[in-house]
Amino acid sequence: MATQISHLEAETESLRGQLEELREVRRKRDFRKLVLLGLAVSIPFHLLIIAYLASYHLGGSGSGFDQDEGIEFTVLSSTELQEMQEEIQVEDVTASELEVDESLSSMLANLDDQMASAAVTELDVDGSAPTPGGVVGFSESTNSDAGLLGSASFFGIGSRGRRFGFIIDLSTSMRNPISMREDLGTGLTKFDLAVQQFSATIGRLPDYVQVYTLLFAGSLDSLKAPAFQKSWLSMNDRNKERLITWLAQRTPDGSTEPYKAFQKIFSLRNRPDVIYFLTDGIFDLDVPEKIAALNQKGRKVVINTIALGGGAALMPLEKIARESGGQCIRYPARGGGGP
């Protein structure tokens, strides 16, 4: 991660240099235009004065020119000329130049945002767990096919994209309480915690971001999705409320079989940019390879994984995240209390 941050810092400095060079070129060009404008006004004016004086000398005193009268000229200093240059707004900048300037500024803003999000909170030596919602890692889909990008954070894993998929464990073990120092004795189950984090995550999303949510278990009716979710849901207030209400009303039941959920979400007409995969159990060892095969059939999808509780299969989750360019965390961390 330190290498990633160094790379982002170097790229940011490079783009800032390009932006400054572009602005310097524009300043020099505007100054040349100002000088040419001054010459265009000054030369005809001085030629007119010369012609007038010539006619006076040729015409003699009968020309009506009062020899006692004088003509005053004002010579601008270099400082005054510079001030005039700064006040004059040159309006004939081409559209392409404006696009380059705005593009570089946008790229710098995005890189600054990435660097801020990429500040990883490492686990303490004693295994203290990070707080859900705090940034513990950052991943970004670089293949979003259209539209503005939004930022999401689920169990502290930050990601950027246009479409976010959520694959959440609904197996029986998700009914168990999750114990951690912060909420011992509250009776909060692992599924309750998942619902809380999901609600907070989508609550912060802008309405142009889309979400698709799937719950998995191992019963006959193992894959669950909202009836109103025909495709990707835009995160307007109404859809946020409906999703949170629907999720909170589910009851965990069954074993841990997540692969069908990945098949479903990868079969959608528009692929996700980022998937958040949360489970507290152990699943078949060939699932990471199957998921990787699905991910190779189109543009790469970032998959972030959350091992919820000490019973979750951490190694397969780490492999899924690593091969997709995502992040993997265990929550709570070792030493933070078991489920």
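The values are calculated or read from the model by the stated rules, or taken from the named source; none is laboratory data. Everything numeric in this text was worked out from a predicted model, so none of it was measured. Glycine gets a Cβ as well: all are built from the backbone with ideal geometry, and neighbour counts include every protein chain shown.
Some notes on this structure:
- With respect to the conditions (1) crowded, with 16+ Cβ neighbours inside 10 Å; (2) modelled with pLDDT of 95 or more, GLU241 lacks only one, and its number is (1).
- Scanning the range 223-260 for residues that are within 27 Å of LEU317 (Cα to Cα) and acidic (Asp, Glu) turns up ASP253, GLU257.
- Filtering the range 243-272 to residues that are over 17 Å from ILE168 (Cα atoms) and either in contact with a Leu (Cβ under 7 Å, 6 or more places away or on another chain) or not aliphatic (A, V, I, L, M) (or both) leaves SER267, ARG269, ASN270, ARG271.
- Hits in the range 196-249 (condition: out of contact with any helix residue (DSSP H, G or I) (no Cβ under 9 Å at 6 or more places or on another chain), assigned to a helix (DSSP H, G or I) and aliphatic (A, V, I, L, M)): ALA200
- Note on the range 257-280: residues that are surrounded by fewer than 17 Cβ atoms within 10 Å (Cβ to Cβ) and hydrophobic (A, V, I, L, M, F, W, C) total 1.
- Some residue of the range 245-256 being assigned by TED's automatic domain parsing to the domain that holds LEU193, under 22 Å from SER151 (Cβ atoms) and either of a type outside the set (A, V, I, L, M, F, W, C) or crowded, with 21+ Cβ neighbours inside 10 Å (or both): yes
- Restricting attention to the range 263-298, the residues that are over 21 Å from TYR212 (Cα atoms) and of a type in the set (Phe, Trp, Tyr) total 1.
- Matching residues in the range 284-332 - criterion: being surrounded by 20 or more Cβ atoms within 10 Å (Cβ to Cβ) and touching a Pro at 6+ places or on another chain (Cβ under 6 Å): PRO288, VAL301, GLY309, PRO316, ILE320
Conditions (1) assigned by TED's automatic domain parsing to the domain that holds LYS260; (2) modelled with pLDDT of 80 or more; (3) within 23 Å of ILE282 (Cβ to Cβ), marked per residue:
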{"site": "SER159", "(1), (2), (3)": "yes, yes, no"}
{"site": "ARG162", "(1), (2), (3)": "yes, yes, no"}
{"site": "GLY165", "(1), (2), (3)": "yes, yes, yes"}
{"site": "ASP169", "(1), (2), (3)": "yes, yes, yes"}
{"site": "SER173", "(1), (2), (3)": "yes, yes, yes"}
{"site": "GLY185", "(1), (2), (3)": "yes, no, no"}
{"site": "PHE198", "(1), (2), (3)": "yes, yes, yes"}
